[in-house]
Amino acid sequence: MTTTTAPGGKRRKAPTIFDVAERAGVSHQTVSRVINGDPTVREQFREQVSAAVSELGYRPRAAARALAGGRSRALGLVSTGDALYGPSSTAIGFERAARSAGYHVLLSTLPEDPVPADLSGALASLLAQDVAAVVLVAADNRVLDALASLVIPVSVPVVVANAVQRDAERTAVAAPNVAAVAIDQAAGATLALEHLFARGHRRIVHLAGPSVSQEAEVRRATYERAMTDRGFEPVVLGGDWTPASGFRAAQSIDVHTVDAVFAGNDQMALGVLHAFAEEGLRVPDDIAVVGFDDIPEAAHFTPPLTTVRQDFVTMGERVLDSVRALVEGRSHDDRLLAPELVVRRSA
């Protein structure tokens, strides 16, 4: 039987879903629906269950650990489940590092347009399997907003990957220990822009990622600041990380008024190169192009792409280091990881 230590050192039975139901004055089925984020539950019942969960300190969990009194070797991983290179590479790097360290990773994916109920259900499922910590790989403001507004408390450490610290701090409302692991997006954007400035480019357009992305926000803000500081007019075009959005955006660019494109990621840069090739423009003779990420294919674009490399293997390892530090009550390394510029023929 699972017990907890009450004030004064006495052992008491951990609260169950039935205790929560009794305190809230609802059925245990209603408690289950609230915990799993069922949107059809009436707001009154949702508030009653939320209050009861907080008062009792209820946490869904497995019946017992593999060894009595031992620390769980399971880690939860929540991702948006999309095919974007950065988040997927970070998740793979983390899983491999965790496996090498003797942990097993339980995966839960969110839909492309997540709402709080989606995240609540994913976390409830992982907590019920007694994970020692949760890693959230989603550089998306909607996901962090959902985490900060959870109904159920997250009583294990949370590490947010692909996020800047100021955004991760919002999750402290829902979790006791929160850390962020990130690559320095501002430094990466600065590397790209300084390279273009050094090559004599002044009329630089930025093709930005979606506004819900933290990384896209930082890259765009860095671009705008760098251009303004030098007395140049910033021009931002919107994209959605895909080559198709890069292709469409490039079709609106007038090569007579623009001499370089700083794309928010390599996939959009690929679409830009495609559009320019169809228009008969020579890269970099007529216009230069720089990307971001250094995906494996970037070296084989036509021409090979100058881009900012992010080390996602090291990123995954740093995420695991932060998880272990929080679980063991140690301080974690919150320094941003440094990107590097890879110069190829496109700029």
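Quick check on my filter: what residues within region 205-217 are aliphatic (A, V, I, L, M) and surrounded by fewer than 20 Cβ atoms within 10 Å (Cβ to Cβ)?
Correct list: V212 only.
From the list A216, A187, which one is touching a strand residue (DSSP E or B) at 6+ places or on another chain (Cβ under 7 Å), within 30 Å of D333 (Cβ to Cβ) and touching a residue at least 24 places away in the same chain (Cβ under 8 Å)?
After applying the criteria, what remains is A216.
Tell me the residue from S245, S252 that is open to solvent by 30 Å² or more (accessible area, probe 1.4 Å) and among the small types (G, A, S), please.
S252
Filter region 133-148 down to the residues that are under 21 Å from H104 (Cβ atoms) and either open to solvent by 20 Å² or more (accessible area, probe 1.4 Å) or β-branched (V, I, T) (or both) and list them by number.
V134, V135, V137
Name the helices (runs of 4 or more DSSP H) wholly within region 210-325 that hold at least 3 residues that are within 26 Å of the chain's Cα centre (by Cα), closer than 18 Å to P339 by Cβ and not charged (D, E, K, R)?
So the answer is 214-229, 266-278.
Which condition number in (1) open to solvent by less than 20 Å² (accessible area, probe 1.4 Å); (2) over 30 Å from A161 (Cα atoms); (3) of a type in the set (K, R) is the one that R230 fails?
Among (1) open to solvent by less than 20 Å² (accessible area, probe 1.4 Å); (2) over 30 Å from A161 (Cα atoms); (3) of a type in the set (K, R), the lone unmet condition for R230 is (1).
Please list, ordered by residue number, the strands (runs of 3 or more DSSP E) wholly in region 1-120 having 1 or more residues that are modelled with pLDDT under 75, farther than 30 Å from V181 by Cβ and not acidic (D, E).
3-5, 11-13
Would you mind finding the one in D286, D294 that is surrounded by 15 or more Cβ atoms within 10 Å (Cβ to Cβ) and free of Cβ contacts under 8 Å to residues at least 60 places away in the same chain?
So the residue among D286, D294 that is surrounded by 15 or more Cβ atoms within 10 Å (Cβ to Cβ) and free of Cβ contacts under 8 Å to residues at least 60 places away in the same chain is D294.
Please verify whether D311 is closer than 21 Å to R335 by Cα and either open to solvent by 20 Å² or more (accessible area, probe 1.4 Å) or polar (S, T, N, Q) (or both), treating the condition exactly as stated.
Working: closer than 21 Å to R335 by Cα: yes; either open to solvent by 20 Å² or more (accessible area, probe 1.4 Å) or polar (S, T, N, Q) (or both): yes.
Considered against the rule, which asks whether it is closer than 21 Å to R335 by Cα and either open to solvent by 20 Å² or more (accessible area, probe 1.4 Å) or polar (S, T, N, Q) (or both), D311 comes out as yes.
The values are calculated or read from the model by the stated rules, or taken from the named source; none is laboratory data. Here the structure is a predicted model, which is why all the values come from computation and not from measurement. Reconstructed Cβ throughout: ideal geometry from the backbone, glycine too, with neighbour counts over all protein chains shown. Accessible surface is based on the protein model in full, side chains and every heavy atom, while ligands, DNA and RNA are left aside. Shrake-Rupley method; radii C 1.70, N 1.55, O 1.52, S 1.80 Å.
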